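The next block holds one structure in the form of structure tokens; read it before the comments.
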Amino acid sequence: MNLQKLMKQAQAMQAGMAQAQARLSELQFSAEAPGGKVKATADGAGNLVRLSIDPAIVDPEDVEFLEAMVLKTVQDALNGAKEMAEAEMRKMTGGLGFPM
């Protein structure tokens, strides 16, 4: 086994993974609560990048409802972005299952 060749392959794979992760950060997944009153968007790197709340649902007497709706929508966006990123990584790595 040629150690130098193996090192070059590892470096190429590392560069490819860095490029893949950069591309993933550009992908976005959006989720919304029923009725579209709360919307959240996350990127492929797992960051929440946008949150929108319709002022019509802001009720100072029922903050728990708004908190629950926001939390659920953000979780849906983050989970969707994670699944999207995992699918993209499987495509890029040929299903080798490298961690992100």
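Only one of the values [x] 1.51; [y] 1.03; [z] 2.59 was calculated from this structure for Cα Rg over 2.2 N^0.38 Å; name its label.
[x]
Between D54 and Q11, what is the spin-label point distance in nm, taking each point 7 Å from the Cα along the Cα→C-beta axis?
Spacing of the two 7 Å Cα→Cβ label points: 5.6 nm.
Note down the relative contact order for the chain as a percent, whole number, built from C-alpha pairs under 8 angstrom at least six residues apart. Display every interim value, and only then the final one.
Values: 121 pairs, mean separation 25.8, N = 100.
It comes to 26 percent, rounded to a whole number.
How large is the charge dipole for the chain, taken about the Cα centre, if only the Cβ atoms of Lys, Arg (+1) and Asp, Glu (-1) carry charge, to the nearest 20 debye? Numbers along the way, then the final one.
Numbers: 10 positive and 13 negative charges, 207 e Å.
For this selection, approximately 1000 debye.
Read-outs throughout are calculated quantities, based only on the coordinates presented, and are distinct from any laboratory measurement. A quick note: this is a predicted structure, and the numbers were derived from the prediction, not measured. Positions of Cβ are generated from backbone atoms using ideal geometry, with glycine treated the same way; all protein chains shown enter the neighbour counts.
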